[in-house]
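Each remark here refers to the structure printed beneath this line.
The values are calculated or read from the model by the stated rules, or taken from the named source; none is laboratory data. Computed from a predicted structure; not experimentally measured. Cβ sites come from the backbone with ideal geometry, for glycine too, and all protein chains shown count toward neighbours. Just so you know, the surface numbers come from the protein's heavy atoms only, side chains and all, with ligands and any DNA or RNA stripped out. Shrake-Rupley method; radii C 1.70, N 1.55, O 1.52, S 1.80 Å.
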Amino acid sequence: MTQSAAAQKPPATPRRLDPEDAQTALAEVQERLRRQQLVEDLVHRQEEGDAKAPLVEDLVHRQHEAELKTLVDNLHPADIAFILESLPKDERQAIWKLVSPEHDADVLLEVEDWVRESLIEAMDRQDLVAATESMDADELADLAPDLPPDVVAEVQKGLTEEERAQLLEAMGYPEDSVGAIMDFEMVRVREDVTLEVVLRYLRRLHELPDHTDQIFVVDRQDKLQGILPLSRLLVSEPETEVRAVMNSDFLTLNPLDSDADAAGAFERYDLVSAPVMDDQGRLIGRVTIADVVDVMREDSQEQALSRAGLQEEDIFAPVSTALRNRAPWLLFNLCTAATASFVASQFEGTVSQIVILAFLMSIVAGIGGNSGNQTMTLIIRALAMGRITGRNLWQLVKRELFVTLLVGLCGSLVAALFAWVISRSLSIALVMMAAMICNMLVGASVGVLVPMVRARFGKDPAMGSSVLLTFATDSLGFFIFLGLATIFLL
């Protein structure tokens, strides 16, 4: 009796998901690169003047390259992308040359934009064409801004008319829109066929598009009529027509919708995929959970950088690039700090008579900044989720001020007790208490107003918000505390 093909296959080796795998691979790559450099330096010193030195060096170099290539070839493209992002440019280029051509496309799609540019620069035209010609239209549209125009033109020649139209369509949508992230691969069926026909059609496909959880039901003009979940297809009778089991109540997206709004819809309704329709109701694409996760991750990274006044940059970028990115907001921060110092200097007489105030005023400014930062974080998050409207704005402002007032009362009691302990003055303690409450209210007000005003004018609400908040709470904190001390203590 002969064994079946399935029985002859070796048992599968499951791969356990471990977030530390990429870090472990990175550490091993760095260690091999370090040893390679050490050996090459040693060969240079010991074999100087020896005719065989270049041969020895070349042999050592080839051996280390082979070890690194074996290591890299066994990694997932996402892990390779992580390693490339974590290496200085010279080492990054060395590892990139060792990546197998079959992984080039996947790695280019996985890496961050600032790394992708340097990788593409290191590739010749033939390699770029080979890496991109197997990409789908939506994937190629993502890379097109970073690719040389002649490479894009060459790849377009190998596309079908439909794929070329899809590529041009995807490239025509704004960067942060649904159209820019939608996928053109999906399964369509008619509503007047039976489920048995649908199943036979699916069996003829080489494979289903990634993240396919539903089939789209369209008419002859490609207008979306409903959706057929795969779970319902599998459990329904094969003789049943599609129209009898399809779902006519479903969420759709427009290609001009914001990708952040789409991400919010996926989060709210626990979606795996969603159809994209044009203004005529025709099905033109779909958005999957994989696209949405990328949008959420990028938005989170941009928000974290924006709050410090930064833009995304290569962590190993040249110093000049880093200076252009960081200097503007740092210089602005210097001006705001100078303003706060100027405010404090105007109360030199008060501070010289009551020296303890110099030690206490930093507490007032710091607590006000922390309180405002909490409020600002909540507001920025609510704006990103679309939860703030003209109708609930004032209610939100009143709530934040009331919460801050209650927290300020509790915290100021502790601060007043501390001020009394170190100064033995009830008057200083009361001034400390009043100043802290006032500055916390200032911080809460700024924490609401700065993101709201920037969003109102179409700006990123998180950009430089921390710098502006620090300016307000430091300057006004010093002014309030020292002003109250001047009025009531002198």
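Here are the numbers for this structure:
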{"read-out": "Solvent exposure of the chain as accessible area per residue, Å², 1.4 Å probe", "value": "57"}
{"read-out": "Fully extended contour minus Cα-Cα distance, from Q23 to E302, at 0.36 nm per residue", "value": "98.1 nm"}
{"read-out": "Under the span-like rule (Cα at least 24 Å along the axis, Kyte-Doolittle mean at least 1.0), DSSP H helices of the chain", "value": "356-384, 393-423, 426-456, 465-489"}
{"read-out": "Candidate values (i) 24.5; (ii) 28.2; (iii) 23.0, label of the one derived for Kirkwood radius over Cα pairs in Å", "value": "(ii)"}
{"read-out": "Two-decimal log10 I(q)/I(0) for region 131-242, as the Debye equation yields it once each C-alpha is a single scatterer, q = 0.15 Å⁻¹", "value": "-0.77"}
{"read-out": "Mean Cβ neighbour count within 10 Å, used as a protection proxy, ranking 260-269, 152-161 highest first", "value": "260-269, 152-161"}
{"read-out": "Carbon + sulfur, % of accessible area of the chain - ligands and nucleic acids excluded, 1.4 Å", "value": "56"}
{"read-out": "Karplus-derived 3J(HN,Hα), 6.51/-1.76/1.60, for each residue of region 232-240, Hz, glycine and proline x", "value": "6, 4, 6, 9, 8, 5, x, 6, 5"}
{"read-out": "Exposure ranking of W394, W114 by accessible area [1.4 Å probe, largest first]", "value": "W394, W114"}
{"read-out": "Under 5 Å, built H, 5+ apart or other chain: amide partners of Q214", "value": "L230"}
